[in-house]
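Beneath this line is the structure, given in structure tokens, with notes to follow.
What follows draws every value from the coordinates through simple rules; no lab data is involved. Quick caveat, the model's predicted, so the values are computed rather than measured. Using ideal geometry, Cβ is built from the backbone for each residue, glycine included, and neighbour counts are taken over all protein chains shown.
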There are 2 protein chains.
Amino acid sequence: MMSRRFPEAAAVGVGGFVRDDTPTEQVDRREAVVASLAGTVRDLVDATIRTTLGDAELHRIRDDLAAVVDRLRAGQLPGPAGIRYNSERRSWNWGNAVMGAANALAPPLDVVHDASGCHADVDLGAAYEGPPGLVHGGVSAMLLDHIMGETASAMRRTTFTGTLTTRYRRGTPLGPLRLEASIVREEGRKVFVAGSIADADGVTVEAEGVFIQPAGAPAADG
Amino acid sequence: MMSRRFPEAAAVGVGGFVRDDTPTEQVDRREAVVASLAGTVRDLVDATIRTTLGDAELHRIRDDLAAVVDRLRAGQLPGPAGIRYNSERRSWNWGNAVMGAANALAPPLDVVHDASGCHADVDLGAAYEGPPGLVHGGVSAMLLDHIMGETASAMRRTTFTGTLTTRYRRGTPLGPLRLEASIVREEGRKVFVAGSIADADGVTVEAEGVFIQPAGAPAADG
């Protein structure tokens with residue numbers, strides 16, 4: 001099944017659910033290193049969007065950054081990061097678009113599992129803008145899909161998004177936001193989840209989703 | 001209305017729909033410069049996710065990048081980029097999360113308006129991963145929200161997302177993808193739009209959305 005769905009990844013041996021027997025302590029240490037690097041890349045993304053420097057200086061900066069890219073290219077995974085797990089059931093997906101520690105595109109979302117489901121506090125900057133001063137509606141949908149998927153998986157099973165419906169009550173301002181999600185009900189392999197985004201004045205976006213448990217997949221984060 | 005909806009942005013004088021009388025030719029030239037810089041930052045995001053270099057070298061790279069961030073911080077907009085437009089009706093939103101030329105988080109999506117609506121070809125790399133080897137479900141929703149919003153606005157009016165429903169038929173592989181969207185019908189201020197994502201084997205995700213035209217807003221991209 002892996003080779004049918006992820007032919008290129010399977011061909012290079014990455015991009016799947018990969019058993020990796022690095023001890024948890026060493027995984028945690030490495031995670032801190034890549035998270036620190038990605039944090040600086042995230043600053044760079046923001047500083048690039050907001051730059052007012054002259055063209056000549058921006059060309060010099062681009063060339064300096066291209067040299068850093070070359071240094072990183074000296075040692076690279078041949079494909080996407082995939083999801084790794086060790087025998088202690090520690091799993092890590094540092095490339096994930098929403099919560100990956102090594103991915104500067106991810107805010108990253110730090111999802112907390114609580115008694116009623118999941119929540120996450122996030123502070124979205126200039127990189128997540130759609131309408132002026134507001135979070136891009138697509139970014140809101142992306143973050144909701146992720147936290148609702150994590151809620152559906154409940155740290156014990158794999159789920160994929162079946163259907164996601166997002167309702168925009170008003171514009172979501174850039175800045176500090178709270179995401180929440182909880183399981184509404186379950187029917188066979190379907191898990192129904194409700195979610196929301198709120199600013200200090202209340203809910204800005206609400207969502208409902210149906211998440212599907214595939215037959216026979218290993219446990220991992222969505 | 002601006003100051004009520006975007007209080008912080010209005011306070012610093014950015015982040016709104018800003019009239020900026022830079023001539024179009026100069027805007028185009030500057031766009032090429034920031035797009036070139038952002039393209040290299042995008043390479044850096046990918047190379048960071050896929051790095052296998054040792055911890056010490058990653059710390060050195062982080063410090064070198066922090067110095068580049070400092071150089072960029074020497075001249076910055078005080079807030080998000082917002083949307084600018086000149087008297088020739090050229091508008092630019094280089095910070096946009098999905099199509100912003102200066103935003104390394106954006107693929108960026110290059111939306112083409114055609115006879116039946118909009119389409120876009122995009123090639124998603126490691127930074128957009130969710131399940132192993134597959135596009136994050138939230139990324140699919142984000143891209144669909146954007147192209148469907150652009151379709152609703154039809155290059156002549158502002159629209160905001162009201163409701164977006166995304167249906168996942170199967171996993172979307174990382175790599176080359178085609179997005180399409182078209183207007184289904186209009187009712188008063190509501191525009192109903194259908195959209196899809198497809199790989200070489202056909203549609204992987206389909207969506208329907210209701211987009212709302214606010215009263216009295218200037219024309220701009222979503």
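Before moving on, here are some points about what is shown:
- Basic side chains Lys and Arg get +1 at the Cβ, acidic Asp and Glu get -1 at the Cβ, and with that the dipole of chain B about its Cα centre reaches some 740 debye.
- Label-point spacing for B:ASP114 across the identical copies (point 7 Å from Cα in the Cβ direction), in nm and ascending order: 4.7.
- Copy-to-copy label separations for B:GLY202, where each label sits 7 Å from Cα toward Cβ, in nm and ascending: 4.5
- Gyration tensor (Cα) of segment A:40-158, equivalent ellipsoid semi-axes in angstrom: 31, 22, 9
- For chain A, the relative contact order comes to 17 percent (Cα pairs under 8 Å, sequence separation of at least 6).
- Value in Å of the Kirkwood radius, where the protein assembly as shown supplies the Cα pairs that are averaged: 22.0 Å
- Cα-Cα pairs of chain A separated by more than 21 Å (percent): 62 percent
- The value of relative contact order for segment B:109-212, using C-alpha pairs under 8 Å at least six residues apart, is 31 percent.
- Each of B:TYR168, B:TYR128, B:TYR85 was scored by other Cβ atoms within 10 Å of its Cβ. Listed from fewest to most, they are B:TYR85, B:TYR168, B:TYR128.
- Taking every DSSP helix (H) stretch of at least 4 residues in chain B, weighting each as -39,500 (n - 2.57) and dividing the sum by the residue count yields a mean residue ellipticity at 222 nm of -10500 deg cm²/dmol.
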